[in-house]
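Notes for the one structure printed next.
Since every read-out is calculated from the coordinates, none of them should be taken as a lab result. Since this is a predicted model, take the numbers as computed values, not measurements.
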Amino acid sequence: MIILKRRIPMKNILSLLILIFLVSCNTNKNRNETEGKDVYMFTSFREPATEGLRFLYSYDGYKWDSIPGVFLKPEAGTQKIMRDPSIAAGPDGTFHLVWTCGWKNDPAFGYAYSKDLINWSEQQHIPIMAFDSTTVNVWAPELFYDDENRDFVIVWASTIPFKFEKGIEAEDNNHRLYYTKTKDFRNFSKAGLLYDPGYSSIDAVIVKRDTSDYVLVFKDNTRPERNIRAAFAKSATGPYDKPSEKFTDSFTEGPSVVKTGDEWLVYFDAYKKRSYGAVSTKDFKTFTGIDEKISIPAGHKHGTIFKAKESIVYKLKSINHE
């Protein structure tokens, strides 16, 4: 029996190899684009703040959807709550998280870190204001990475009774804004006064517009104001100048700031209305209400906005919490 072996022309082999190469390149390109694409994320919690860390996500910074589930249950501190979660990524891609871990009688904030927003380190209780035994609280710690000095700056609000002049607020509700710096979340500078606008203030977030050009967006917590304002500085840690006029209605708090295109969006919790609102600005002097352009899931409570790779969002969404 004679078997004839048919030889495949060399040009066909080359064509096949080229086709395999192109398909492989296209697959890798699509994978890299998916893994490399940035998505806006919004940290969140729900009352009564004992459940833990939640997330929203958005592709445009305006329309937000929930990622189902809780991704870190609070264990730090004695009150075991998680309010005002704030996340910022370091140069190595590690996500760092701080949060309010107690209403009163706890001079500390909670801290944990993660590479993927799913698997978290052991939680820590950082007693940053324990140097003054009269400190009432540490509220709404907010993370900011200062790329000019390669430091993380954490800003929060604390009350030290009888330390500052006050209006009609009670002494245990007369807040000022403090900060600390750290490079490794093991060693922290001693807490210092970041900003005293002359009245009780909370919920501050630092925004960098350009080199040596910073904005501090915060809540005027005085009665009857309780609205949001801004101040400006040439350094992340100040000194900040006189505060601007208010640019939100009363009973608003928890500002979160994100840049989309050439505009900055300032989100805030309109807590008396039990809704979320936002304004847009290009200069932090003129603001335009954009409530009709945004969409926030019901039940969302204020956190902060950051960016993560789309591949991370896919993994978060794929987890079954049942």
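A few points about this structure:
- Relative contact order (%) - criterion: Cα under 8 Å, at least six apart; region: the stretch 37-318: 17 percent
- Treating each Cα of the stretch 39-189 as an identical point scatterer and summing with the Debye formula, the log10 of I(q)/I(0) at q = 0.20 Å⁻¹ comes to -1.28.
- Quick note on the stretch 109-224: its Rg to Rh ratio, both from C-alpha atoms and Rh being the Kirkwood radius, is 0.99.
- Quotient of Cα Rg and 2.2 N^0.38 Å for the chain, N being how many residues it contains: 1.21
- Rg/Rg_ref, the stretch 78-164, where Rg_ref = 2.2 N^0.38 Å and atoms are Cα: 1.14
- Derived scalar couplings between HN and Hα for the stretch 234-240 equal 9, 9, 4, 9, x, x, 8 Hz in order, rounded to whole Hz, by the Karplus curve 6.51 cos²θ - 1.76 cosθ + 1.60 (θ = phi - 60°), x for Gly and Pro.
- Pairs exceeding a 29 Å alpha-carbon distance, out of Lys181/Lys242; Lys63/Lys309; Lys163/Lys285; Lys183/Lys317; Lys80/Lys307; Lys115/Lys219: Lys163/Lys285; Lys183/Lys317; Lys115/Lys219.
- Whether the stretch 197-292 is rounded, prolate or oblate, judged on the alpha carbon gyration tensor where a/c under 1.5 counts as rounded: oblate
- Overall size of the stretch 270-309 from C-alpha positions, given as principal axis extents largest first: 33, 30, 16 Å.
- Size of the stretch 173-239 as Cα extents on the principal axes (Å, biggest first): 40, 28, 16
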